[in-house]
Amino acid sequence: MPMEDRLPENQPVELGRLPGEMDVVYTGVVPVVYKAQRTLLVSLIESVAWAFVLIAIVMTCLLSPARKFSQFFVPKNFVRGFGSGAVSMIPNVFPVVIIFGFIGWSKTILGEMIKVDIGTMMTASVAMGVAVDDTIHFLTWFREGLKRGLDRRDAIFVAYKHVAPAMTQTTIIAGLGLSV
């Protein structure tokens, strides 16, 4: 660099005084870990959203009165399947809504805001997984009761009889595991 283009040593460097742009690059472990955590968090949020969409589609197909794929697109079957799928998603969405609802109200209740991090998103994923598993088991046993000729009330009791112990155990185990 020619002598006339250099700045005096006691004068600070300002952007735009020298040709070219000045870039600041943070290095070390901390920026790498921070970027990895942010990328993982964004990925977890996207996966939970996609999981909701895909689970809703599967529930709609499973609960449709159609027995063949071609019958699914009959308007009556499609509307009933869509309605049943939407209603069956309520218990699947409920735990996640409760978790994030509490996080949203945490500043009001606790005085400080709870940050959404990887652990929180994993809690939402596990809660949704347990809820979907329980819903599918319950609906399977409910349909089995209806196939046996039971009325809806008795079919619900049969479903609870077979599914309630497993639902309770998985909920308690997952809750205790995530509380750590």
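Taken together, the values in this text are just the output of simple stated rules run on the coordinates, not laboratory data. Because the structure is a prediction, the values reported are computed rather than measured. Cβ sites come from the backbone with ideal geometry, for glycine too, and all protein chains shown count toward neighbours.
Phi-derived couplings, Karplus 6.51 cos²θ - 1.76 cosθ + 1.60 at θ = phi - 60°, listed residue by residue for region 83-100: x, 5, x, 5, 5, 5, 7, 4, x, 7, 7, 3, x, 5, 5, 5, 4, 6 Hz, with x used for Gly and Pro. On the principal axes of its alpha-carbon atoms, region 73-125 has extents of 52, 22, 13 Å, going from largest to smallest. Relative to the dominant Cα principal axis of the chain, helix 29-62 is inclined by about 20°.
The angle between the Cα long axis of helix 152-179 and the main principal axis of the chain comes to about 30°, on a 0 to 90 degree scale.
For region 96-161, the set of trypsin sites (Lys or Arg not before Pro) satisfying both a DSSP loop assignment and a count of at most 10 other C-beta atoms within 10 Å is given as K115, R148.
Modelled spin-label separation between R143 and C61, with each label point placed 7 Å from Cα along the Cα-to-Cβ direction: 1.3 nm. Simple point charges give the picture: +1 on the Cβ of Lys and Arg, -1 on the Cβ of Asp and Glu, and for region 90-180 a dipole about the Cα centre of about 260 debye.
Cross-link partners of K115 among lysines, defined as those whose alpha carbon lies under 19 angstrom from its own and excluding same-chain residues fewer than eight positions apart: K35, K107. Taking the longest Cα principal axis of the chain as reference, the axis of helix 118-147 is set at about 10 degrees.
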